[in-house]
1. Show the residue pairs meeting these rules: Cβ distance below 9 Å; 6+ apart or different chains; first residue within the range 1-26 and more than 14 Å from Arg145 (Cβ to Cβ) and touching a residue at least 12 places away in the same chain (Cβ under 8 Å); second residue loosely packed, with under 15 Cβ neighbours inside 10 Å and among the small types (Gly, Ala, Ser).
2. Which one is surrounded by the most Cβ atoms within 10 Å (Cβ to Cβ) among residues in the range 59-101 that are in contact with a Phe, Trp or Tyr (Cβ under 8 Å, 6 or more places away or on another chain) and farther than 19 Å from Asn41 by Cα?
3. Being of a type outside the set (Phe, Trp, Tyr), more than 22 Å from Gly130 (Cβ to Cβ) and either crowded, with 20+ Cβ neighbours inside 10 Å or out of contact with any Cys (no Cβ under 8 Å at 6 or more places or on another chain) (or both) narrows it down to one residue among Ser21, Ser104, Ser49; which is it?
4. For the range 102-128, which residues satisfy the criterion of being part of a loop (DSSP other than H, G, I, E, B), free of Cβ contacts under 8 Å to residues at least 60 places away in the same chain and under 14 Å from Tyr4 (Cα atoms)?
5. When you check Asp32 against the structure, is it within 17 Å of Asp116 (Cα to Cα) and either surrounded by fewer than 15 Cβ atoms within 10 Å (Cβ to Cβ) or under 17 Å from the mean Cα position of the chain (by Cα) (or both), yes or no?
6. State whether the residues of the range 45-68 include one that is among the charged types (D, E, K, R) and assigned to a loop (DSSP other than H, G, I, E, B).
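Since every read-out is calculated from the coordinates, none of them should be taken as a lab result. No experiment lies behind these values; they were computed from the predicted model shown. Methodologically, a virtual Cβ is constructed for each residue, glycine included, from the backbone with ideal geometry; neighbour enumeration extends over all protein chains shown.
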Amino acid sequence: MKAYIDFDGVICDTVDTLLDSYNAFGKYEATDLESYISEYNWKLLLKYSPIIANAIENIKNSIYDTSILTRVHSLDEGFQKVNMLREKGLTNDIIIVPPHMPKSSVIVPNGAILVDDQILNLNDWYNHGGISIFFNKEGKLVDGRGDSNECFKTISNLDFLADPKMILERKIK
């Protein structure tokens, strides 16, 4: 079975750092969040953003055919993410998704798993025939946009990737 894992907020905790920085500096420079993200120093951000709950090792030990599926706002962001994952010894495919494009338009979800921290992405994936799993490092049922998870399995780590006993199936919403 194929599994796709989101990067920001699932593998690496970049989201909180970016939002804190934007709230402290970006808003006062009259910069919109998307521009702020695209111009951010991603090499520095990734250096100081922690890996979430042993995510890299779980991906390395995955029993699934696992790829990273990440949205990027600049070529530098994509380059830095790929570079960081390779430096950590990850050899899995890394698929880059342009901004404003659904992940389901880059990958055909049919029966594949998507682990993501954004309900919007999971709804789209599910509506295109995929298996959606909501990730929240604290086990909460609300994503960073305030959207509530009312129908997808919620996890706070990627331990399931290496657990052959865990059976995942597409549940009806």
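1. Met1/Gly111; Lys2/Gly111
2. If we take residues in the range 59-101 being in contact with a Phe, Trp or Tyr (Cβ under 8 Å, 6 or more places away or on another chain) and farther than 19 Å from Asn41 by Cα, then Leu69 is surrounded by the most Cβ atoms within 10 Å (Cβ to Cβ).
3. On the way: Ser104 fails: more than 22 Å from Gly130 (Cβ to Cβ); Ser49 fails: either crowded, with 20+ Cβ neighbours inside 10 Å or out of contact with any Cys (no Cβ under 8 Å at 6 or more places or on another chain) (or both).
On inspection, the qualifying residue turns out to be Ser21.
4. Hits for the range 102-128 are Pro102, Val106, Val108, Pro109, Asn110.
5. no
6. Taking every residue of the range 45-68 in turn, none turns out to be among the charged types (D, E, K, R) and assigned to a loop (DSSP other than H, G, I, E, B).
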